[in-house]
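**Q** Sharing a structure below in structure tokens format, with a few things to ask.
The values are calculated or read from the model by the stated rules, or taken from the named source; none is laboratory data. None of these values were measured; they are calculated from a predicted model. Cβ atoms come from the backbone with ideal geometry, glycine included; neighbour counts cover every protein chain shown. Surface areas here come from the heavy atoms of the whole protein model, side chains and all, with no ligands, DNA or RNA. Shrake-Rupley method; radii C 1.70, N 1.55, O 1.52, S 1.80 Å.
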Amino acid sequence: MGVPEAFRSLLIQYGFAFILRIWLYSSEFKATITERVEVSTPINSWKRVTEGVTLYNDGINPYSGDVFHVSPVGLILYSKLIEHVAAYLPVVFIIMDLFTGHLLYLTAVEYMKHLMCRQEEEKKEYSEEVKELMLNEKDVRKQPLYVVAAYLFNPYILFNTVAQTTTVFSNFCLASAFFCMAKGNRSGLCLFLSLATLQSLYPIVLIVPGAICIGYHTLPTNAKSESADHPDLFQKILPRALRSPNSAHWVKSIFATFGVFFTMLISLLFLSCHLSGGWEFLHSVYGFMLLVPDLRPNIGLFWYFFTEMFEHFRLLYLWAFQMNALVLYLLPLALRTRKDPVLLAATLTGITAMFKSYPSLGDVGFYLSLLPLWSHIFPYLQQGFVVLAAFIITSVLGPTVWHLWIYARSANANFYFGVSLAFAIAQIFLLTDVLLSYTKREFILRHGTSNLLNGKHGKLVLA
Amino acid sequence: MIVWALFTLFVAHVSGLGQSELYGDEFHEELLLKQLPSGHVYAHFQFTTLWENGGDQPNHHCHLFPQSLSEVLHLYNVDEMHLSLTGGLWRHENWGYPIVSAPPGAELWAWFKEGTEDVDKKWTLLSNALSGLFCASLNFINPQQSLNPKYSFAPLGAYDTPSRNRSLLRYSTLPREIVCTENLTPFKKLLPCDSKKGLSSLLSAGYIHNANYHSLGIHVRPQCKDVNCHETVLELRQTVSLVYDLIILGQESRDWSFRKLFGVGLAGSCPLASTSKIYVDCSTNGTSSVYTLTPDPTETINSNRGGYNTVFAVYDIKKTNIINMFSISSTHKGPRVYLLNSPPVLHATRYIVGYGQEHGGIVTKIHNNHWKDLDISLFENIPWFLPIYYHTLKISVNAGKQILKPYAKHYIPGRDRNRPYALELLVTLPPRSITEVYIEFDYSFLKWQEYPPDANHGFYVGAAVITSLLPHTKNYTGIPIDGSTFSSSINASRDTYPVTLHTEILLVTLPTPDFSMPYNVICLACTVVALAFGPLHNHTTKRLQMLDSCEESKGLLASLKLRLKSLLSKSSSEPEKSAPEQKREESKSKEPSQEGDPSCEQKIMKRKKTKGTAAAK
């Protein structure tokens, strides 16, 4: 009964999403949406892709200039697309988007199964009064549908698709990587993650949750006998907190995942070098993302910060900001949320979408649409209203002050900077709130809903 | 007496020998005056120095050729060099073609000698040296701003090899350069007679910079010594082009005179000059307006060139007996006639389209008024801060009725802060057509220190250059490539006539940041990062715990004291247990603890009691 119903609901969603996108493509909003700086950044704008492909076809190295910042693999792909299906490009983009939605659905289904399993395992640790808080069949059925809806009808994703940004393809790779992660498919995960990394560099951090996830999936069932074969080989190396009977398995599995991933990534880089006839693309693609030479405004924090930066501090802050986006939170969060690598992956996607050098609404929309996976923690969110209001207000205010600054010339850059700051703060609030709520739910599942401590009214705090 | 006679004989001998035989060099000064169809007066000075030994040895003794320039040319291996410093815009549509075309601002292009290593370095040094020589900001020309055109700027000199290595060419413009007295003075110092004697004495700064258009030019190239061209001489042409608007000059009449144009009369020719001639174009005399020139010219020349007849009144200053001051003036008779403008065969304009400071387009409109096809090369030089989109390049004819495909394209994409965008097109213009070359660009956002002090004034974009070979000489005054002086253009019919057009320069206002904000922006952006760092740090390093709400309410100092006390007591009583483990145990335990603030406990007990009674009821 459940499956056909879900199937019908999915079909309706896909059909409606398709029609909505076709309508937007043919409407007069398309040109406006395409030109928005929030949607099209120098990295992902289709206009620049067209420029690169034209240069490539005319025998000019697109990486010799400073307009094109897509990897050579992408260049070949897009040049084939433009060559063969130029008339049906919108359909290609829409179908990619629907695929991404479906992959997210499959990911959600897998993840809900996994959550249910874990709930079964840990049930005995749970407090007695939390029966109604536990996941039930209905949640398992509904939450994947919410995820699809949150992706396909997310205005940010809609804009992204209609603007034909290359983020559509990055999101597809990311969604595939998430699916492989949930499925426990090591080679698939490494392939899609390396493709996503090749495109936009920042997804490289997702290999950590990916490796943890694969580790869980390949965990041997007869763990005890396994550990007996290799007595204490890794026990000494590992810190005490990480020691478990399966250390040997963990180290092996993580090494294997990292090995496969980096082999794939390096072979893709060599393929890129072969395709573009040199290593010049490294500077044009990754150098551009890391050094931030183009200060065109976007929804991120980099542009105005580095416009106004004093020249001799530029390198320092460049390092600080890039580390903030890439590695600063990677290890602590990985240690903290190692039990739920999918949550870790989603958090890291969110952090990079907020703090990367050229973020676009497509990136934001992607991690926002992952959130319904955890819709069972939504009751614990404290700042839901504030965040929602901030998202709506900044989304409206952004284009308005942009128009005032660039076209009417009655405002200045500070206005748009203020809006992008508010947008970033809203995202930060959302992300930290989700993390806190997740921990809170775990705490309550184990300790009960009562807020009485030693017979007194207690307060849940991080201490 | 004999000594005196010998001395006069020697002097006569030396002067009779002439400088050219002794040093192998000669100097010509010429001035062309022309009333343009629009009523403006065009005055073109040309000072030509030809030097036989030029370019042979370094440190060669210079006679008429300026030593400073010759040293620079030697030192940096320069074969050919063209520098122009211009104020104002030459309006081809109304004025026809100038003798030497120049864009507003400064333009420098040079061909280096075959086999020159490290051309970029030599180029930088050359522009720096010229900057010192002419007091212009040419030192801002660096390899990052320079281009290496593929089709335009062919060498004009006489060379052994028919085709030259294009990597020896460098081109750059400074469209913002302002030309003034400080450039004119060093320019005049390069002349053999300075501004003491000869036509150069007419160049007084006050009058020159009053003109609608004024352009200084330095052109150096190797030139054939004779018709056979077995040997070459080094040719230096110093030009001053001026266009006066007579209405601005004061009087309402169309009459002009030396006094009115230059403020002074001519005291005589430069003694070092071989020829010193003034040409007045009087082709229009008698047809559109009637005027008389005083004094009468030495001779009148009919120049038939490419099917068009031009009449020149020539004043040979060497032959003119000047007693006091020499001045030419024209006096018009009859009513003023406004002529229909008959534009030249090929002319162009350039402008920016679009609104706002986000996206824009550059349109170069090229008019071909000829009845036949015309091949041109168009050279666009776009600075890096206006990134152009090559795929948006559209060449349409007659308002989009026809789309042209260029015969050849050459595009070098720019790099941020490193290299401008260079686009060269070879196009065949259809007969009697207006061709529009359109390309889109984005406005860049620069770092705050990259904006000039007057950021909202905008940024200049150098002129586009159009080169072509004209089939006839309507409105054409150029000097043939095999000639050095203006006199060589008389009766110089050729198959084609090379022409170079410079379009307008563009002024673009880029969006600006708030220049007073650096500290605020750094603080605010870092605060936002800290907003993420704080909670994430908390989340990853701390544990969720149920804490006594009363404990919280007691204030910071008290809670700190309490925590310290508990820590001390713990460490003394249970040293083997770590603090967090213990805390977790505490929070897990359901039974009320024995320690704690009694007052707080009492309060809660009371609350419990009341609750209990309420439930009982």
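**Q** Can you name the residue in region A:96-126 that is in contact with a helix residue (DSSP H, G or I) (Cβ under 6 Å, 6 or more places away or on another chain) and among the polar types (S, T, N, Q) and is also nearest to A:Asp340 (Cα to Cα) among such residues?
**A** Looking at residues that are in contact with a helix residue (DSSP H, G or I) (Cβ under 6 Å, 6 or more places away or on another chain) and among the polar types (S, T, N, Q), I get A:Thr107.
**Q** Hey, another quick one. On the given criteria, is A:Lys440 assigned to a helix (DSSP H, G or I) and either farther than 26 Å from A:Tyr304 by Cβ or facing another protein chain (nearest Cβ under 8 Å) (or both)?
**A** Considered against the rule, which asks whether it is assigned to a helix (DSSP H, G or I) and either farther than 26 Å from A:Tyr304 by Cβ or facing another protein chain (nearest Cβ under 8 Å) (or both), A:Lys440 comes out as yes.
**Q** Still on this structure, please answer the following. Every residue in region A:289-306 that is under 29 Å from A:Asn61 (Cα atoms) and either of a type in the set (Ser, Thr, Tyr) or within 9 Å of chain B (Cβ to nearest Cβ) (or both), please. Give the derivation first.
**A** Pass one, region A:289-306, residues under 29 Å from A:Asn61 (Cα atoms): A:289-298, A:302-303, A:306.
Residues satisfying the conditions are A:Pro293, A:Asp294, A:Leu295, A:Arg296, A:Pro297, A:Phe302, A:Trp303, A:Phe306.
**Q** Look at region B:426-456 and say how many of its residues are of a type outside the set (A, V, I, L, M, F, W, C), within 30 Å of B:Asn148 (Cβ to Cβ) and away from chain A (no Cβ under 14 Å). Steps first, answer last, please.
**A** The first filter runs over region B:426-456 and keeps only residues of a type outside the set (A, V, I, L, M, F, W, C), leaving B:428, B:430-433, B:435-436, B:438, B:440, B:442-444, B:447, B:449-454, B:456.
Right, trim to within 30 Å of B:Asn148 (Cβ to Cβ) and you get B:428, B:435-436, B:438, B:440, B:442-444, B:447, B:449-452.
Filter again for away from chain A (no Cβ under 14 Å), leaving B:428, B:435-436, B:438, B:452.
Qualifying residue count, region B:426-456: 5.
**Q** Sticking with this structure for a sec: State which residue is nearest to the other protein chains (Cβ to nearest Cβ) when the search covers only region A:307-334 and only residues that are in contact (Cβ under 8 Å) with a residue 40 or more places away in the chain and surrounded by 14 or more Cβ atoms within 10 Å (Cβ to Cβ).
**A** Taking the candidates together, the pick is A:Thr307.
**Q** Also: In region B:158-206, how many are buried (at least 20 other Cβ atoms within 10 Å of the Cβ) and among the aromatic types (Phe, Trp, Tyr)?
**A** Residues in region B:158-206 being buried (at least 20 other Cβ atoms within 10 Å of the Cβ) and among the aromatic types (Phe, Trp, Tyr): 2 in total.
**Q** When you check B:Leu130 against the structure, is it surrounded by 21 or more Cβ atoms within 10 Å (Cβ to Cβ) and touching a helix residue (DSSP H, G or I) at 6+ places or on another chain (Cβ under 7 Å), yes or no?
**A** yes
**Q** Something else about it: Looking only at region A:405-431, filter to residues that are more than 10 Å from chain B (Cβ to nearest Cβ) and assigned to a loop (DSSP other than H, G, I, E, B); which one of those is surrounded by the fewest Cβ atoms within 10 Å (Cβ to Cβ)?
**A** Top of the filtered list is A:Ser410.
**Q** Does any residue of region B:67-84 turn out to be touching a strand residue (DSSP E or B) at 6+ places or on another chain (Cβ under 9 Å), open to solvent by 10 Å² or more (accessible area, probe 1.4 Å), hydroxyl-bearing (Ser, Thr, Tyr) and under 26 Å from B:Ser241 (Cβ atoms)?
**A** Within region B:67-84, none of the residues are touching a strand residue (DSSP E or B) at 6+ places or on another chain (Cβ under 9 Å), open to solvent by 10 Å² or more (accessible area, probe 1.4 Å), hydroxyl-bearing (Ser, Thr, Tyr) and under 26 Å from B:Ser241 (Cβ atoms).
Residue-by-condition table, conditions (1) under 24 Å from B:Asp79 (Cβ atoms); (2) basic (Lys, Arg); (3) modelled with pLDDT of 90 or more:
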| site | (1), (2), (3) |
| --- | --- |
| B:Leu125 | yes, no, yes |
| B:Pro155 | yes, no, no |
| B:Arg170 | yes, yes, yes |
| B:Thr173 | yes, no, yes |
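**Q** If we scan region B:466-477, do we find a residue that is within 25 Å of B:Ser274 (Cβ to Cβ) and open to solvent by 20 Å² or more (accessible area, probe 1.4 Å)?
**A** no
**Q** With the requirement that a residue be within 14 Å of another protein chain (Cβ to nearest Cβ), open to solvent by 20 Å² or more (accessible area, probe 1.4 Å) and under 24 Å from B:Lys365 (Cβ atoms), what does region B:478-514 give you? Show your work before the answer.
**A** Pass one, region B:478-514, residues within 14 Å of another protein chain (Cβ to nearest Cβ): B:508-514.
Now narrow it down to the ones that are open to solvent by 20 Å² or more (accessible area, probe 1.4 Å): B:509, B:512, B:514.
Selection gives B:Thr509 alone.
**Q** Could I ask something else about it? What do you reckon, is A:Val401 over 30 Å from B:Thr509 (Cα atoms), free of Cβ contacts under 8 Å to residues at least 60 places away in the same chain and away from every other protein chain (no Cβ under 11 Å)?
**A** Working: over 30 Å from B:Thr509 (Cα atoms): no; free of Cβ contacts under 8 Å to residues at least 60 places away in the same chain: yes; away from every other protein chain (no Cβ under 11 Å): yes.
For A:Val401, the condition - over 30 Å from B:Thr509 (Cα atoms), free of Cβ contacts under 8 Å to residues at least 60 places away in the same chain and away from every other protein chain (no Cβ under 11 Å) - is not met.
**Q** Of the numbered conditions (1) under 30 Å from B:Ser489 (Cβ atoms); (2) of a type in the set (D, E, K, R); (3) open to solvent by 10 Å² or more (accessible area, probe 1.4 Å), B:Lys121 satisfies every one except a single condition; which is it?
**A** So B:Lys121 meets the others, but not (1).
**Q** For residues that are facing another protein chain (nearest Cβ under 8 Å) and either in contact (Cβ under 8 Å) with a residue 60 or more places away in the chain or among the basic types (Lys, Arg) (or both), scanning just region B:408-417, find the one that is farthest from B:Ile382 (Cα to Cα). Give the derivation first.
**A** Residues of region B:408-417 facing another protein chain (nearest Cβ under 8 Å): B:409, B:411-417.
The next check asks that each one be either in contact (Cβ under 8 Å) with a residue 60 or more places away in the chain or among the basic types (Lys, Arg) (or both); those that pass are B:409, B:412, B:415, B:417.
Working: B:Lys409: 16, B:Ile412: 11, B:Arg415: 11, B:Arg417: 12 Å.
That would be B:Lys409.
**Q** If you take the residues in region B:420-457 that are in contact with a strand residue (DSSP E or B) (Cβ under 7 Å, 6 or more places away or on another chain) and within 24 Å of A:Leu295 (Cβ to Cβ), which one is surrounded by the most Cβ atoms within 10 Å (Cβ to Cβ)?
**A** Top of the filtered list is B:Tyr421.
**Q** Being touching a Pro at 6+ places or on another chain (Cβ under 8 Å) and surrounded by fewer than 22 Cβ atoms within 10 Å (Cβ to Cβ) is the filter; apply it to region A:38-63 and report the residue that is farthest from B:Gly414 (Cα to Cα).
**A** Within region A:38-63, the match that is farthest from B:Gly414 (Cα to Cα) is A:Tyr56.
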